1. Any idea what the dipole of region 1-55 comes to, in debye rounded to 20, about its Cα centre with Lys/Arg Cβ at +1 and Asp/Glu Cβ at -1?
2. Tally the DSSP beta bridges in the chain and give the antiparallel ones as a percent, rounded to 5.
3. Which whole-number percentage describes the relative contact order of region 3-284, with Cα contacts under 8 Å and a sequence gap of 6 or more?
4. Going by Cα centres, region 253-268 and region 197-227 are how many Å apart?
5. Report, in deg cm²/dmol and to the nearest 500, the calculated mean residue ellipticity at 222 nm for the chain, where each DSSP H run with n ≥ 4 adds -39500 (n - 2.57) and the sum is divided by the residue count.
6. Sort 188-198, 172-182 by the packing proxy (mean of other Cβ within 10 Å over each peptide's residues), most packed first.
7. Between region 1-15 and region 123-195, what's the alpha-carbon centroid distance in Å?
8. Explain nothing, just the number: dipole magnitude of region 3-284 about its Cα centre with +1 on each Lys and Arg Cβ and -1 on each Asp and Glu Cβ, in debye rounded to the nearest 20.
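Read-outs: derived from the displayed coordinates by stated rules, not from any lab. Since the model is a prediction, treat every value here as computed from it, not as a measurement. Positions of Cβ are generated from backbone atoms using ideal geometry, with glycine treated the same way; all protein chains shown enter the neighbour counts.
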Amino acid sequence: MHTIVSSPTKTVTIGSDQPFCIIGERINPTGRKAFQEQLRAGDLSALEKDVADQVAGGAMMLDVNMGAPLVDEAALLAESVRKIQGLTDLPLCIDSSVVEALEAGLAAYEGKALVNSVTAEDERMELILPLVKKYGAAIIALPNDDKEIPEDPQRRFELTQYLVDTATSKYGIPLEDIVIDPLAMPIGADSQMVVRTMETIELIADEIGVNMTLGASNVSFGMPDRHTLNSVFLPMAMGSGLTSAIMDARTPQIVTAVKAADLMLGNDEWGMNWIAAHRAREAAS
């Protein structure tokens, strides 16, 4: 199954037979106090460096989030979408929990966007999925509801099935435009968290077959040497069926691990991407 997103001049295809889709996570004010201050002042100058660094690192899409305190998120998201599309041809993932901001970002976007995200709560689906349909976007959906973020993989699978059935039958979202986030939780909180995520990925891949993504850095939150943990986690998840991730495209260790897994999983014909990346690193050094 292929999920296709696009800018005016570039198309990215997410699928189990495609190179793993690296969605750059940097354009997000969470944990970035200086960036938050800039946004409150209406200053988007940091976007130029954020975009350039992620493109250079190998990002295939960029996640865009403007959710800082005390800002007009809808206006900022629309403005940042237009500015970023003037800096790069990479497709964008428009990321907000505020419905008005999502609509503003989608209205400003040229192409087919990925929307981040919706949960299995009926109220949230009623607000967000009509926008996804209106703008012809794809959607990231998370298998949690208003009661819990479930630990049990079977329960996550059941909520995934509910999300998929509701989105396709009630709102007319094509199955291929639904990307599931199987929920990566911090390994530091429970050493079985990653095992449960892998089980969830395998269930969804085997029984539904939709594409999947997740916030890769969540798994290492609170632990030392996070880059090593993330660079081990992602190839494991790819082997289970994960087809994309919102991740740090500026970290060579993690990106290289993903590219190596692509090669080993048969999604890099003749190793051309691996060889090209190696030559680029040699030239840069």
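1. Working: 6 positive and 7 negative charges, 23 e Å.
Around 120 debye, computed over region 1-55.
2. Numbers: 5 of 30 bridges.
Bridges in the chain that DSSP calls antiparallel: roughly 15 percent.
3. Working: 523 pairs, mean separation 54.6, N = 282.
Dividing the mean separation by the residue count of region 3-284 yields 19 percent.
4. Spelled out, the Cα-based centre of one part sits 16 Å from the other.
5. Details: 10 runs with 130 residues, N = 285.
Mean residue ellipticity at 222 nm (helix-derived): -14500 deg cm²/dmol.
6. Working: 188-198: 15.4, 172-182: 20.9.
The densest-packed peptide leads the list: 172-182, 188-198.
7. Region 1-15 and region 123-195 have Cα centres spaced 20 Å from each other.
8. On the way: 22 positive and 41 negative charges, 170 e Å.
The calculation lands at about 820 debye.
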